[in-house]
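Before any comments, here is the structure.
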Amino acid sequence: MVHTKTFNIAVLPGDGAGPALAAHARRVLDAIQQTRGRHAFVLSELPFGAFALDAGASSALPVDTLSSCKAADAVLLCGCGGLAHHGTQPEQALLRLRSELGTNANIRPVSFPSIQLVAASAYKPDVVADLDITFVRDLTGGVYYGRRQEADQHGLAYDTTEYSRHRIQSLAQWAGRHAMHFTPPKTVHSVDKANVMATSRLWRSTVTDLFADEFPQVPLQHVLVDAASETLSREPTALNGIILTENMFGDILSDQASGIIGDPNVVASSAIPTDGRAGIFEPLSLKAGGNPAQSPIAIIQAISLMLSLGLGLRAEADAIDNALRRTLDPPELVGANVQLKTLGACTTTDDFMRTFLDKLSYFLEAANSVDELYQPSSPPAKCISNPTKTRPMGIVEKIITNAALGLTTPEVTPGQIVCVKVDWTITSELLWAGMEKTYDRMKRPRLYRNDRVWLAIDHIVDPRTNHLPKQKGLISKAEHFQQEAKIIDFLPANTSIMHTDFTRERAQPGHIVVGSDSHTCSAGSMGALAVGFGAADVVMPMVTGETWLRVPEVCRINFVGKLPYGTSGKDVILHILGLFKRNTIAFQRAVEYAGDGLCELSMDARFAIANMTTEFGGMGACFEADERTTEWISRRTLPQHKDRGLYFQSDAGAQYAEERTIDLSDVRVTVALFPNPDDVVSVRDCLGMQLDGCFVGACTTTEEDIILGGLVLEAGLSAGLTPTNNGKRRVTPGSLTIVKRLEERGILDAYRQAGFQVGAPGCSYCIGEPLFLSGMVATNSPGINDVDVAGEGEVWLSSQNRNFRNRMGKGSFGNITSASAVAASSFTMEVTDPSFLLSRIDPKRYEKFLGREMVTLKLAPTVSEPRAENSQLQKPILANVSSVNTVASGTNRKVRSKVQRFGDNVDTDAIIPAEFMPGIDNADLGSHCFEYYRPEFRQRAKDGATIV
């Protein structure tokens, strides 16, 4: 049973816009109370400041107000001073309140709550976008409170600074404990003037000793105050972490840092006692003047500070921070892009708060689901540490072991059926329409976690056709589900292909990712075990957080050698397919990629390889996570998607069903000929093949590939090549984030100059198959996306991942290769070796575009070992089978039927082509079974043929 805890909050509306900000605060706390249920907030609004004096009080801090503040769990101050007719009385009242409450530390976080606010700063965006400093400053000691003398008759005045070891220790302990809340612990920068001041030398020695004794895990750096100020002016992110300092230094430096934000109505501050008593939480800009009511951001951040530092409600504080970010963030970051008038936009405060509270409800629901996970009716799971002897395991087996429920020892073996915890489920609008049939039959239960579902509208959408009935219908279904289930990671139409931003911004090492699309294996590039399931099978982990799977055999690919300049991950996976063919050594196995040559492969290259593991025949993919993985993840914006990874390594002696070595130095630009991804030949064997279209895009084509293709086009244009007038050309980046970066670098301009049309993120020509969704659209609909469809008889060169029959359009011929080869071939619309243009690209410029210039890999991951969770599995509830015809045990039954033989490697496009997905119901789907490959199959089934 959950018990409600009551918190008493003293709210001081104060002066100026304070009353309006207090009203916003009440709405936020009411929303938390209603959604969470376990917390009750009793808010007492009390007279304070000029408001109290105007109401007839004898003091700006009335006795009753002070008494209530002392009895409260926290004080929320909304406005103070700035009105000339009362002089400094309000400010003096605040100083007295701080003294009476025993506050001795000022805690002030300085960061941008959203990337959208960086534009308000006077600094260049790339210099300050990642700013994240928390000031821990002494508030009641030092020179401001030392002995002093005003100027005497001789013109002599002085102020003195005093610090005791006890005062320094108290503040340093708070900073150390706060740093330990983060993984890894945040760096503490202790700022002093130890080269000239005795108090600073005491400060430095005290902090050094305390951290060595109590917080050895916390990185500690000592910085002279003048150096700190210079660093804030030149490279402020170098001081990211916690700045621990004395009163005057902190007063100056925190104001200097706050000025970087550029808007005084964004930053919040707090005054707290380090002994745990009630603190005061407030917007940084307290004084009346201007119209801060137009920007509730600072009071929202003050509430977050109050919840986390004052009341210990970290989950609620995180929900506020995340909701504020989602309200402000641009569309490419899945934000609502709501900007206030004070930021140069036209959104009213009421509209802003309405959107913020809506986003907040989603994150509070996520907090509820997390709480329920850790309040089981049965005893908590027991973690069994690794025994001294277990069978050597590979990475895939370790991931499954760590996620498995009910194991008695931390190991699994191939063929064993286990129940595993699933970290993420991902789907698209097209596949959700199929999943929803199962979800309906389950009576639409609450999701296991609404913050562990990724739903992207990407398959059938295009800005040119999103208004049509088919698109509107599937988009509406997805949007309805998002609102019903409060799905946090919902990507509106043409924001990102489902695999692109999920892998880049969410997937982490050691996780299990289950998706309703076969290219879910893309997320394996981040060190996760990523597996594509059938649509109905994904619903169960989405609802329960668990699924059953058979521990797969594993095919391990070891990379060695150096990848030639100008080749990419796409070239590597085509090389692998050419060597080993489809559905051979990888068939129905997980593919584990590792080896000394892994350092040659960028994260984008790994993505392309993992993405096409399904074409290789693998049921899932997993790369060994390394320094490059850690470096990539460390640059993510959202902290909750940075530090949950588990970095497993294979054991010496681990057994694999197959183990092969790929020498990367052998990789060249190749082409997979229609209609098989493994019919791989050298690009030179295809020279002169006439083309009707060139396409650069689909989920397998990464940002790195598009950049290289753009530089090839730029080199060709500089060399005097001109695009021929015939043929179609299109480039479709995988996400809006990538589009934005490509635009900033001028890459998309190169494509435009070379005759390419630039498409919105989506599957585009990769699913240009003809569409006959019975009952949904007319039978003459040209394709799944209705616009990007190759014509019958047309020959295309594409950087997508599949070249099956009808994949790009009914009767079309698709050949797949790298983006550089497509770009080079687009000038003459004949297959062309890109080597001569690749040689004209400046490697340093290419590295700069990729963001790899002068980057050293220094973040070594901490290696993990799996732990078996010895929890009791719930007995599954079986469906009512009384009406099902069953065969009695021991009864012999022979099934006789004619065998319908198909060729090798019958793919899902052949069984039920994607253009007939999701269908109205199963009968509708069945009516298109083997639509092109064996149309008589359906009639035979109708006539009563037995199907096994």
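Every number in this text was worked out from the coordinates using simple rules, so none of it is lab data. Note that the structure is a prediction, hence the values are computed from the model and not measured. Ideal geometry is used to build each Cβ from the backbone, glycine not excepted, and the neighbour counts take in all protein chains shown.
State the Kirkwood hydrodynamic radius of the range 650-735 in Å, one decimal place, computed from all pairs of distinct Cα atoms.
About 16.5 Å, per the Kirkwood formula over Cα pairs.
Using θ = phi - 60° and the Karplus relation 6.51 cos²θ - 1.76 cosθ + 1.60, list the HN-Hα couplings for the range 13-19 in order, rounded to whole Hz, with x at every Gly or Pro.
After applying 6.51 cos²θ - 1.76 cosθ + 1.60, I find x, x, 10, x, 7, x, x Hz.
Considering Cα pairs under 8 angstrom that are at least six residues apart, work out the relative contact order of the chain and quote it in whole percent.
Over the chain, the number comes to 10 percent.
For the range 38-124, what does the relative contact order come out to in percent, with C-alpha contacts under 8 Å and a separation of six or more? Spell out each step's value before the answer.
Working: 53 pairs, mean separation 22.4, N = 87.
That works out to 26 percent.
Using the Cα atoms of the chain to build a convex hull, what is its mean projected area in square nanometres?
Its Cα hull, projected and averaged over all orientations, spans 45.9 nm².
Residues with amide H under 5 Å of Tyr448's amide H, sequence separation 5 or more or different chain, H placed in the peptide plane at 1.01 Å from N; which?
Sorted by chain and number, the residues that satisfy this are Val543, Thr544, Gly545.
Dimensions of the range 567-620 along principal axes (Cα, Å, largest first)?
27, 18, 17
Extent of the range 395-665 along each principal axis, from alpha carbon coordinates, in Å, largest to smallest?
The Cα atoms of the range 395-665 stretch 51, 49, 37 Å along their principal axes.
When you count, for each residue, the other Cβ atoms within 10 Å and take the mean per peptide, how do 688-695, 493-500 rank with the highest first?
Values: 688-695: 20.4, 493-500: 27.1.
Highest mean packing first, the order is 493-500, 688-695.
With a bin width of 10 angstrom, please list the P(r) values of the range 421-519 as percents of all Cα-Cα pairs, from the 0 bin to the one holding the largest distance.
Bins of 10 Å from zero give 15, 51, 29, 5, 0 percent of pairs.
Beyond 21 Å, how much of the Cα-Cα pair distribution for the range 1-89 remains, as a whole percent?
In whole percent, the share of Cα-Cα pairs in the range 1-89 beyond 21 Å is 36.
Which listed residue (Leu717, Ala819, Pro675) has the Cα farthest towards the positive end of the charge dipole for the range 669-850, taking +1 on Lys and Arg C-beta and -1 on Asp and Glu C-beta about the Cα centre?
Farthest towards the positive end: Leu717.
What area, in nm² and to one decimal, does the C-alpha convex hull of the range 140-197 cast on average over all directions?
5.5
Can you list residues from other chains, or at least 5 along the same chain, whose modelled amide H is less than 5 Å from the amide H of Met197?
Hits under the 5 Å cutoff: none.
Round to a whole angstrom and tell me the spacing of the C-alpha centers of the range 408-439 and the range 300-336.
Between the Cα centres of the range 408-439 and the range 300-336 lies a distance of 31 Å.
From the phi of every residue in the range 642-651, what ³J(HN,Hα) in whole Hz does the Karplus formula 6.51 cos²θ - 1.76 cosθ + 1.60 yield, where θ is phi - 60° and glycine or proline is x?
Going residue by residue, I get 10, 10, 9, x, 10, 9, 9, 10, 6, 7 Hz, with x marking Gly and Pro.
Using alpha carbon centroids, what distance separates the range 197-236 and the range 97-133, in Å?
20
In the calculated pair distance distribution of the range 669-850, what percentage of Cα-Cα distances lie above 26 Å?
Tail fraction, whole percent: 26.
Treating the range 1-158 as a set of equal point scatterers at the Cα positions, no solvent, please give the Debye-formula log₁₀ I(q)/I(0) at q = 0.15, 0.19 Å⁻¹.
So the normalised log intensities are -1.05, -1.22.
Cα-based Rg (one decimal) and Dmax (whole number) for the range 596-739, in Å?
Gyration radius and largest Cα-Cα distance of the range 596-739: 18.8, 59 Å.
Give me, ordered by chain and number, the residues 5 or more places off Val11 or on other chains with an amide H under 5 Å from its own placed amide H.
Ser44, Glu45, Leu46, Leu76
Would you kindly calculate the translational diffusion coefficient of the range 70-182, applying Stokes-Einstein with the Kirkwood radius from alpha carbon pairs, for 25 °C and a viscosity of 0.890 mPa s, and quote it in µm² s⁻¹ without decimals?
136
Expressed as a whole number of Å, what is the distance separating the alpha-carbon centroids of the range 38-90 and the range 661-705?
Rounded to whole Å, the Cα centres lie 71 Å apart.
Work out how far the C-alpha atoms of the range 802-851 reach from end to end along every principal axis, then list the three figures in whole Å, largest first.
That works out to 43, 25, 12 Å along the principal axes.
Give me the angle, in degrees from 0 to 90, between the Cα long axis of helix 198-214 and the longest principal axis of the Cα atoms of the chain, rounded to the nearest 10.
Tilt of helix 198-214: around 40 degrees.
Treat every Asp and Glu Cβ in the chain as -1 and every Lys and Arg Cβ as +1, leave all other atoms uncharged, and give the resulting dipole magnitude about the Cα centre to the nearest 20 debye.
Roughly 1900 debye for the chain.
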